[in-house]
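> My structure is below; once you've seen it, I'll send some questions.
Rule-based calculations on the coordinates, nothing more; no lab input. Here the structure is a predicted model, which means the values were calculated and not measured. No Cβ is skipped: glycine too gets one built from the backbone with ideal geometry, and neighbour counts run over all protein chains shown.
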Amino acid sequence: MSSNHPHITPLKTYFAVFATLIVGTWLTYWVAYKDFGWLNTPVAMAIAIVKAGVVVLYFMHVKWQSKLTMMFAAGGFIWLFTLFAFTLQDYWTRDWMPIYK
């Protein structure tokens, strides 16, 4: 007989996550009108990564899953960052092409 019981998230956790996402959205809006120089994109990406992490952990219930599920979720993000890195590397090294000078 299995003793698997579904995880029941308390309602206050959902309200806290909702508040976190609202604050993150407001912070994204506020940061969009500030000039941080070359840090504009990294600051916006950091806020987006935190919000995505909250969504993955709580709404996708990864927080309460097995280590294997967490590993695959983390692996997906590592693969995404790897693809971004290759794309940015290609974009940043196009100075050698005559058309971009």
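> Tell me which residues, restricted to the range 11-37, are surrounded by fewer than 11 Cβ atoms within 10 Å (Cβ to Cβ) and not in a helix (DSSP H, G or I).
Across the range 11-37, the qualifying residues are 33, 34, 35.
> Checking the structure you have, find out if any residue of the range 38-59 is exposed (fewer than 13 other Cβ atoms within 10 Å of the Cβ) and either basic (Lys, Arg) or outside any helix (DSSP H, G or I) (or both).
No; the residues of the range 38-59 include none that is exposed (fewer than 13 other Cβ atoms within 10 Å of the Cβ) and either basic (Lys, Arg) or outside any helix (DSSP H, G or I) (or both).
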